Every structure is written in C-alpha cells, then in structure tokens.
1. Out of ALA240, ALA275, ALA279, which single residue is at pLDDT 90 or above, over 34 Å from the mean Cα position of the chain (by Cα) and either hydrophobic (A, V, I, L, M, F, W, C) or under 14 Å from VAL185 (Cβ atoms) (or both)?
2. Can you name every residue in region 331-354 that is in contact with a helix residue (DSSP H, G or I) (Cβ under 6 Å, 6 or more places away or on another chain) and touching a residue at least 24 places away in the same chain (Cβ under 8 Å)?
3. When only residues in region 203-223 that are surrounded by fewer than 21 Cβ atoms within 10 Å (Cβ to Cβ) and hydrophobic (A, V, I, L, M, F, W, C) count, which is farthest from GLY303 (Cα to Cα)?
4. Name the residues in region 292-328 that are over 20 Å from the mean Cα position of the chain (by Cα) and either closer than 24 Å to THR263 by Cα or among the hydrophobic types (A, V, I, L, M, F, W, C) (or both), would you?
5. THR352 - would you say it is closer than 25 Å to ALA195 by Cβ, surrounded by fewer than 14 Cβ atoms within 10 Å (Cβ to Cβ) and among the polar types (S, T, N, Q)?
6. Out of curiosity, is ALA248 assigned to a helix (DSSP H, G or I) and either of a type in the set (S, T, N, Q) or buried (at least 16 other Cβ atoms within 10 Å of the Cβ) (or both)?
7. Do you know which residues across region 212-245 are closer than 23 Å to ALA194 by Cβ and outside any strand (DSSP E or B)?
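The values are calculated or read from the model by the stated rules, or taken from the named source; none is laboratory data. Only a predicted model underlies this, so the values are computations on that prediction, with no experimental measurement involved. Cβ placement follows ideal geometry from the backbone for every residue including glycine, while neighbour counts extend to all protein chains displayed.
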Amino acid sequence: MAKQRFRRPARPAPTPAPPGRYLTQADRLHIADRLRENATVQAIATELGRSPSTISREIRRNGIPLRKDASRWAYRPHAAQARAEARRPRPKPGKISQNPRLRNYIQDRLTRRWSPEQIAAQLPRDFPEDLEMRVTHETIYQALYVQGRGELHRELARALRTGRARRRPHRHAARRQPRFATPMVMISERPTEAADRAIPGHWEGDLIVGPGHRSAIGTLVERATRFLMLVHLPEGGQKAEHFHQVLADTIQTLPSHLKRSLTWDQGTEMAGHGAFTLATEMPVYFCDPASPWQRGSNENTNGLLRQYFPKGTDLSAHGPDHLAAVAAELNNRPRKTLDWETPAERLAKLLTAS
C-alpha cells in the first residue's frame, strides 16, 4: 500500500492593498477598457474599490468631448493621466505672497488686533476699484496657520484673539453654576423693543474675573450698537455690597434716553439690583439659569476682551485710563453684525437720528 503523502495547505492569497488617494495609470486603463465594454460607472467603481462619484468625476474632468457629438465624451487613459498630473503640483504661490501691498495691509491690521474676517470685509471699502486688493478671511487664516507657506509672519498668529498657532474646534463654554436667590424680574418680562434691538439704551452686563475671584472688570454692552463700556472695580469692588454703587456711578454718565434697561445673569454681584434701579431708574432683567446666549452680545464681547485681559492674570492692575483705551479700540473696530460699521459709528448715527 502506497504511503499517503501529506501536502501543506496552500497559502491564502494575499489581500490586495487598498487603493491610494489618487487614481493610477492602471486604474485609468481599466476605466477606459470597461467604458468600451459599456460597463456602468457603478460596476467600474466596485471593481476598483472606489466610490462611484470618484469614477464619474474622473470621466467628466479628464475626458474630452467627441468632435461629431459634443454631448458625448471620449475617455483616453494616457491623456487623462497627463491632465491629472498637470493639475496636481503643489504648493501654488499664494495671492498674499505675490502682492506686497496686500500683505503689508493685512499685517498692519493684524498687529492692530483686527480679525481676518474684519480685514477681508474692509478691503473692498478701502480699495473699491482695485480688484487685486481682495482676499477671503480663509486665505488669511491659511497664510497664518499652514506650515511652510511663509506668506505672513508666524508671530502674527499671536495677535489673533485665540493667540493660537493652529486652529481648533469650538468647545462648549462652561455653564455658570451659581443661582441668584433673591426676587428678580426675569428676561421674559423685558420689553420687546430690547429684544429686537430697534431702540438704543438696552444694555447687557457681566463680569470678567481674575484668578481666585480676587479681581474683576465690569462689562456693559449696548444691544443695538454693540457699544462697550468697561467698569473699573477696585479690589473687592465686585462684591455685592459695593458693586451696585460702582455700576450705578458708571450708568449715571449716560444720557437718560440711553438708560432703558440692563440684562444680567444670576451672579451674586447683582444682589443689590434694587438699590441700583432706585439710583438710576434703570430696571434690571435677569437671564434664566445656565443661559449665556440670552446675553449673546455681552458674551461675545467678553471673549474679545480676553485678548487684552488673559485668563489667569490680575485684573486689578488695569486702571480706569487703560480700560477706557481698550473700550475705545473695540468701539472703533468694524463689526460684521453692523454691516462692517464700528459700534462708535452706529451709536453716533442713532443718537443723531433720535
């Protein structure tokens, strides 16, 4: 009886490598062959392990119309490969690097703490006839953030409000935990004229606070114009027994028609809101718990102010004159929500009209 021979099991066929990002010459030859066989785009995509949209886009971008029937396309794989390779070289020279005048304009505004979106919107206003002085805010961000482009000085990224050298996704702000326990008039009872921002004189207020809550700055933003006032608080001035009086002294500098209402969150610093209203004849409305969007203008402005007063720093070091200078700089910065007018310009217009 012949001995039975044992054979080693056959090796499994190697798993084909996944397709790369770009179509290859072999892929394009396969597409051309299958198109001549009237295969569908779906079938070709399945055979190549690609998305059907990749195949249809390749045929559309790198094919050529037939001479006798322009509505039909011919696909030539070698010509398609040449077109794709000609389109691929990177990096292309950036518009900012090619235009020194544009680059200097952008760099000057960045050092003045303008945002890229403000710069992009101001260019057509300053150069209405010069189409070369146009750029999108995304192009400015790319010139700052993309490594190796060298279109703008890298250190200018520090002038952005985030101060970051790279872009990060937005995160949800931490919700406020303290609740205001004394009787309040809630925001739901605030006049509708305050909600639609039609009439100036309705303000939103808050505090930006230093480390350990040992120092603070009061912020007041007028809803219709986004005009900002900063309240200097000496050491301990944010405590309820002192704060309402300091805030009242600031509000009293306004004309009567700009003292219509004040909206605040439920922070304990406003425990003396009754005395404040009595001194100023200005009602105070309180937001719902954990609802910062109900003071959206103030929340946004507090974010802008952190560029001047970083978190973790002692805010008592900033005197009234410095606070006035910071407020003036922000009030003379164009805003997208004001059709790129400044808060100072918009307030002056409303006061003139009234």
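1. ALA279
2. ASN331, PRO334, LEU338, TRP340, PRO343, ALA344, ARG346
3. Checked region 203-223; the qualifying residue farthest from GLY303 (Cα to Cα) is VAL209.
4. The answer is LEU315, ALA317, PRO320, LEU323, ALA324, ALA325, VAL326, ALA327, ALA328.
5. Yes; evaluated as a whole, the condition is true for this residue.
6. Yes, satisfied.
7. ARG223, ALA224, THR225, ARG226, PHE227, PHE243, HIS244
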